[in-house]
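Okay, so here's the structure we're looking at.
Please treat every number below as a calculation from the coordinates, not as lab data. From a predicted model like this one, the values you see are computed outputs, not experimental measurements. Please note: Cβ atoms are built from the backbone with ideal geometry, for glycine as well, and neighbour counts cover all protein chains shown.
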Amino acid sequence: MWRPTGGRLQLLEQRLNDGMLNGKPIYIHYSTEDGINKIVKDLEITDVRRNETRPGSSVGIYLCPGHHTFNPENVWMLLFLGNERYRDRGDHVVVFAWNPPSKPIDQPVTSGSWARELIYQGGSVNFTREDLIYCGPNPFLNVFETENPNI
């Protein structure tokens, strides 16, 4: 069994190994503590603040597939390409199951990268308490120091 938390969070690891919960695929969203707290309170991810960090940025909610379990440093380097404005965006994470009404755009973060980003452009991402798998401090190990058969 794949152990992206080093065995510390066995239920989370089991769900990630299953790849589905309640017949829905699993997604990961990395953010700050405040961002994750708001997401969990509302059970919703929106992109209403996107222009605060990146003026003129495209519409969309950025997610990761359930096998992209990155520690905070990995998030900063692989997803945000070392941009200082995003340094703390991987400190917290929400993992949830969700059936998107329309398919997210699935593309590499940069040309030739194995790291993928899923961009959902169909409005807010809403999920239920039953579909919430984990929220809180990022528990994942460094992807370059662990065995991850899903990369």
Somewhere in the stretch 109-129, is a residue aromatic (Phe, Trp, Tyr) and buried (at least 19 other Cβ atoms within 10 Å of the Cβ)?
yes
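Report yes if Ser31 is more than 21 Å from Tyr134 (Cβ to Cβ) and of a type in the set (S, T, N, Q), otherwise no. Spell out how you get there, then give the answer.
Details: more than 21 Å from Tyr134 (Cβ to Cβ): no; of a type in the set (S, T, N, Q): yes.
Answer is no for this residue.
Looking at Leu132, Leu63, Leu78, can you tell me which residue is under 22 Å from Thr5 (Cβ atoms) and within 10 Å of the chain's Cα centre (by Cα)?
Working: Leu132 fails: within 10 Å of the chain's Cα centre (by Cα); Leu78 fails: within 10 Å of the chain's Cα centre (by Cα).
Answer to the check: Leu63.
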Of all residues in the stretch 1-45, which are aromatic (Phe, Trp, Tyr) and loosely packed, with under 13 Cβ neighbours inside 10 Å?
none
Would you be able to say whether some residue in the stretch 98-112 is of a type in the set (D, E, K, R) and out of contact with any Asp or Glu (no Cβ under 9 Å at 6 or more places or on another chain)?
yes
Asp106 meets each of (1) within 12 Å of the chain's Cα centre (by Cα); (2) part of a strand (DSSP E or B) with one exception, condition (1)
